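The structure appears right after this line, and notes come after that.
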Amino acid sequence: MKQLTKAEEDIMQVLWDLKEGNVAAIIDELPSPKPAYNTVSTIVRILENKKFVDYRKKGRGHIYFPLVAKTEYSNQTLNKLMDGYFQGSFKSMVSFFVKKNDISISEMEAIMKEINKDN
């Protein structure tokens, strides 16, 4: 799976939340200052070429929708981060974030409860 630029990720975040939408709907969800219509349209076409989004015709326009699930992309990005900076060790990655963010024992316990709840 290809890596996305920051601008492409911003558009994908909106599409993942919306489930589908035209360029105007995507722009409405972006923070100010809003990018130009043509800019968003170009990014959406790039995402289409990268096989992250597809569209269906509606009247004279297009309704775009994600082809890649947010969880799938998140998992791939996290694995790339882990492989690139932590030699593929999940333990090293978690240890790094715990140390850098000064997480307390009670916060760690809450994280562990959340992890165990999902299993």
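The values are calculated or read from the model by the stated rules, or taken from the named source; none is laboratory data. Only a predicted model underlies this, so the values are computations on that prediction, with no experimental measurement involved. Positions of Cβ are backbone-derived with ideal geometry, glycine not excepted, and every protein chain shown enters the neighbour counts. We work out accessible area using only protein heavy atoms, side chains counted, and drop any ligands, DNA or RNA first. Shrake-Rupley method; radii C 1.70, N 1.55, O 1.52, S 1.80 Å.
Some values worked out for this structure:
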| quantity | calculated |
| --- | --- |
| Sulfur and carbon atoms: percent of accessible area, the chain [1.4 Å] | 55 percent |
| Probe 1.4 Å, protein heavy atoms only - accessible area per residue of the chain in square angstrom | 71 Å² |
| Rh by Kirkwood over Cα pairs, then Stokes-Einstein D for the chain at 0.692 mPa s and 37 °C, µm²/s | 197 µm²/s |
| Greater than 26 Å apart at Cα, pairs in LYS6/LYS34; LYS19/LYS50; LYS50/LYS80; LYS6/LYS51; LYS2/LYS100 | LYS2/LYS100 |
| Surrounding net charge for THR5, when Lys and Arg each add one and Asp and Glu each subtract one, Cβ distance under 14 Å | +1 |
